[in-house]
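Asks: Before anything else, here's the structure in question.
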Amino acid sequence: MNAKEKILANIKNNVPAIKEPMPQTNIAHVHFENKEEKFEAALASVGGNAITLSHESIDAFVAKHYPDAKVITSTIDGLTCKNKDANEQDTPHFLEDVDLAIVEGEFGVAENGAVWVKNPKNKHRVLYFIAQRLLIIVPKGALVDTMHEAYERVKFNTSGYGTFISGPSKTADIEQALVIGAHGPTDACVLFV
Amino acid sequence: MSQGHPELAEKFIANDERMHWHDKALWFVRAKRDNASKGVAEWEDLRDCAAKIKMHTIDHLDSYLLEFEKNALAKGIHIHWAYDAQEHNEIVLKLLQEKKVQKLVKSKSMLTEECHLNPYLEAAGIEVVDTDLGERIVQFRKEPPSHIVLPAIHLKKEDVGTTFEEFLHTQKGNSDPTYLTRAARVHLREKFLNADAAMTGVNFGIAETGGFVVCTNEGNADLGAGLPKLHIASMGIEKIIPKLSDLAIFTRLLARSATGQPVTSYTSHYHAPVVGGELHVIIVDNGRSDIIKDKDFRQSLQCIRCGACINTCPVYRRSGGYSYGYTIPGPIGSTLGANRNISLYKTLPFACSLCGSCSNVCPVKIDLDQQLYKHRQTVVAQNLLGFKKHTILKVATWVMKHPKILDFSGKMARAIVPKLPRSIVYSKANLWGKQRELPPFPKQSFKEAYQAKKGDRK
């Protein structure tokens with residue numbers, strides 16, 4: 001017997017005759033009166049920030065808030081602040097000098113400040129992590145209450161990669177002291193447009 | 001194991017100040033967990049649901065594993081099966097050698113710790129870099145992680161400072177956590193960019209989609225796995241969940257239970273390799289399928305490795321991760337270790353006050369305290385208790401079964417013990433009195449006092 005057969009045979013022999021049924025997973029859960037407010041508070045609590053763009057363009061916002069960013073890349077078409085094509089090469093290492101990555105997020109989750117990022121146009125998933133700073137563009141009003149609604153919208157019928165991003169990269173591995181900016185972005189802003 | 005939990009814990013508590021510091025550091029995390037869980041009104045429903053999903057999956061594990069494999073293969077993910085640690089390590093090495101990998105970056109995986117993968121690969125000449133900050137710190141120091149979520153929780157920032165002075169040439173005497181984290185960031189960026197392959201663990205394997213989820217705060221798993229062309233993920237068979245939507249339950253519980261965060265910074269779903277790369281998942285048993293047959297211990301396979309039971313455990317907090325002598329410390333480690341080898345880990349079920357706090361915080365409701373209580377009975381039944389403790393308990397059992405003898409011995413003890421010299425009362429036979437003082441002996445037993453009172457009333 002190979003390993004697979006041995007493992008499966010052992011499981012079959014060992015599982016009980018009376019088995020636990022699959023429970024109902026759509027349990028009753030919290031709904032927020034003001035999802036925007038909750039999202040902002042949750043994101044702030046994990047070191048991120050959320051801003052709603054009123055009349056400015058994304059380019060103007062970037063110029064104002066990221067004056068030091070030299071290398072800017074984006075998966076969004078038509079931005080003039082972009083000066084590097086994130087999909088240019090097949091090997092992602094050329095992204096190591098990116099100061100700011102502007103990427104699209106599909107929707108935010110109010111309870112935890114996370115944004116679902118699954119961008120089929122983006123060739124290199126490492127972009128979200130290798131950039132020094134991250135700006136996530138989310139359509140205004142695209143917010144759900146909890147992870148329950150979030151997973152109703154998440155699909156993996158085909159292959160791919162997607163991630164919930166909640167704030168910047170962080171660690172508390174040295175004496176429980178929170179440090180923002182471990183390996184990934186030191187700053188993660190969510191911009192509702 | 002030459003030394004059991006009491007002997008190893010003795011070393012830890014020798015430094016009283018550090019023991020209390022450790023206790024407080026863990027309690028701080030436990031308090032954050034409490035705050036986070038209390039902010040979710042449906043918390044108990046989530047726990048209940050999570051426990052049932054896990055038990056359902058374990059009861060149907062063979063079919064869910066096959067479903068996972070079928071769907072993963074359809075997405076171009078390679079699947080391997082490893083019956084034990086040795087097979088797991090051989091598969092990893094073969095994959096690395098096929099691609100001529102010299103440098104490997106790893107994100108946190110307690111499974112690879114369990115398999116002792118690092119020394120195995122290093123012996124074959126492969127550079128293995130643990131990229132979680134806490135894991136990198138202990139790797140520099142040639143120590144194992146002392147906690148499954150907080151690998152360097154036993155260290156003070158000054159310890160990390162001196163370690164980094166040696167390995168990363170940081171400023172002498174600078175132990176500022178931000179400064180040290182930045183130094184590690186620069187050091188590890190270079191490792192990420194030069195790695196030939198990446199390894200990660202798996203938090204959840206999804207049968208329905210054939211993909212898996214990895215949760216980190218630092219982003220090290222994604223940064224590691226997103227650069228090289230080869231990504232190998234090691235997954236214990238018990239990590240499977242049936243559906244993608246089940247993740248709603250588990251992602252709401254995991255980080256809140258672990259560190260009190262509403263969710264980890266990154267909850268990443270892998271359903272494909274990187275462009276032009278390969279993604280391999282190794283499904284590992286290593287003793288897990290044996291645990292299924294025992295109804296008393298089956299629940300331990302529900303564990304999602306959040307560490308909440310460890311943070312709350314009064315014994316762990318005061319004895320440290322290294323006192324367990326097993327890859328996973330604390331209540332969950334004690335039951336898993338005892339399941340693996342009761343003779344080797346016979347002291348672990350006793351590293352417990354049976355307070356039950358672990359079971360109360362567990363997000364998947366594992367009956368940890370009950371399991372440890374049952375393991376104790378196995379230890380006794382298999383004559384592993386040790387002559388002294390065994391004899392004392394045997395005598396005590398016999399005495400307590402004979403009320404007249406119990407009364408008489410009590411009387412004798414109350415009369416004689418207070419007159420005995422310390423050297424006899426606190427002799428080596430008095431294990432309990434090693435670090436404790438006996439209370440003053442009362443004149444009467446409870447029974448005598450009760451009878452006297454009853455007499456007064458009449």
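Asks: Just going by the charge dipole of the stretch B:387-457, with Lys and Arg at +1 and Asp and Glu at -1 on Cβ, which of B:Pro421, B:Phe408, B:Trp432 is farthest out on the positive end?
Replies: B:Trp432
Asks: Taking Cα pairs under 8 Å and at least six residues apart, what relative contact order does the stretch A:34-192 come out at, in percent?
Replies: After rounding, I find 28 percent.
Asks: Here's something else I'd like to know. Any idea which of A:Asn87, A:Leu127, A:Ala63 is furthest toward the positive side of the dipole for the stretch A:34-192, if Lys and Arg beta-carbons carry +1 and Asp and Glu beta-carbons -1?
Replies: Positive-end residue among those listed: A:Asn87.
Asks: Sequence neighbours fewer than 8 away in the same chain don't count; with that in mind, list the lysines whose C-alpha is under 27 Å from B:Lys11.
Replies: B:Lys24, B:Lys142, B:Lys156, B:Lys157, B:Lys346, B:Lys388, B:Lys389, B:Lys428, B:Lys434
Asks: Please tell me the relative contact order of chain B in percent, rounded to the nearest whole number, where contacts are Cα pairs under 8 Å and at least six residues apart.
Replies: In percent, rounded to a whole number, it is 21.
Asks: How big is the dipole moment of the stretch B:387-457 about its Cα centre under a simple scheme where the beta carbon of each Lys and Arg is +1, that of each Asp and Glu is -1, and everything else is neutral? Debye, nearest 20, please. Spell out each step's value before the answer.
Replies: Details: 17 positive and 4 negative charges, 29 e Å.
Dipole of the stretch B:387-457, to the nearest 20 debye: 140 debye.
Asks: Here's a follow-up. Counting only helical runs of four or more DSSP H residues, what would the 222 nm mean residue ellipticity of chain B come to if each run contributes -39,500 (n - 2.57) and the total is spread over all its residues?
Replies: -15500 deg cm²/dmol
Asks: Here is a further query. Roughly how big is the stretch B:66-198's charge dipole about its Cα centre, with Cβ charges of +1 (Lys, Arg) and -1 (Asp, Glu), in debye to the nearest 20?
Replies: My answer is approximately 540 debye.
Asks: Mind running the shape call on the stretch B:39-161? Use the C-alpha gyration tensor, a ≥ b ≥ c as the square roots of the eigenvalues: rounded below 1.5 for a/c, prolate if a/b tops b/c, oblate otherwise.
Replies: Verdict is oblate for the stretch B:39-161.
Asks: Work out the length of the dipole vector of chain B about its Cα centre, built from +1 on the beta-carbon of each Lys and Arg and -1 on the beta-carbon of each Asp and Glu, and round it to the nearest 20 debye.
Replies: Value, rounded to 20: 2640 debye.
Asks: Shifting gears a bit: Which of the residue pairs A:Lys84/A:Lys121; A:Lys84/A:Lys123; B:Lys295/B:Lys394; B:Lys54/B:Lys239; A:Lys123/B:Lys106; A:Lys19/B:Lys295 have a Cα-Cα distance greater than 18 Å in the structure shown?
Replies: B:Lys295/B:Lys394; A:Lys123/B:Lys106
Asks: For the stretch A:119-174 and the stretch B:203-249, compute the distance between their C-alpha centroids and round to whole Å.
Replies: Cα centroid to Cα centroid, the span is 14 Å.
Asks: Nearest 500 deg cm²/dmol is fine: what mean residue ellipticity at 222 nm does chain A get from its DSSP H runs of n ≥ 4 alone, each adding -39,500 (n - 2.57), divided by its residue count?
Replies: So the calculated ellipticity at 222 nm is -6000 deg cm²/dmol.
Asks: Using the per-residue mean of other Cβ atoms lying within 10 Å as a proxy for protection, in what order, highest first, do the peptides B:187-198, B:332-343, B:207-218 fall?
Replies: B:207-218, B:332-343, B:187-198
Asks: Just rank B:Tyr345, B:Tyr322, fewest to most, by other beta-carbon atoms within 10 angstrom.
Replies: Ranking B:Tyr345, B:Tyr322 by Cβ neighbours within 10 Å, fewest first, gives B:Tyr322, B:Tyr345.
Asks: Hey, another quick one. Unpartnered cysteines of the protein assembly as shown (Cβ-Cβ under 4.7 Å counts as a partner)?
Replies: A:Cys81, A:Cys189, B:Cys49, B:Cys115, B:Cys215, B:Cys303, B:Cys306, B:Cys313, B:Cys352, B:Cys355, B:Cys362
Asks: May I ask for the distance between the Cα centers of the stretch B:11-60 and the stretch A:57-75, given as a whole number of Å?
Replies: Each part reduced to its Cα centre gives a spacing of 41 Å.
Asks: Taking the convex hull of the alpha carbon atoms in the stretch B:387-457, what volume per residue do you get, in Å³?
Replies: For the stretch B:387-457, the hull spanned by Cα atoms encloses 102 Å³ per residue.
Asks: Between the stretch B:111-180 and the stretch B:403-422, what's the alpha-carbon centroid distance in Å?
Replies: 54
Taken together, the values in this text are just the output of simple stated rules run on the coordinates, not laboratory data. Since the structure is predicted, the reported quantities are computational estimates derived from the model, not experimental observations. Every residue, glycine among them, receives a Cβ derived from its backbone with ideal geometry; neighbour counts consider all protein chains shown.
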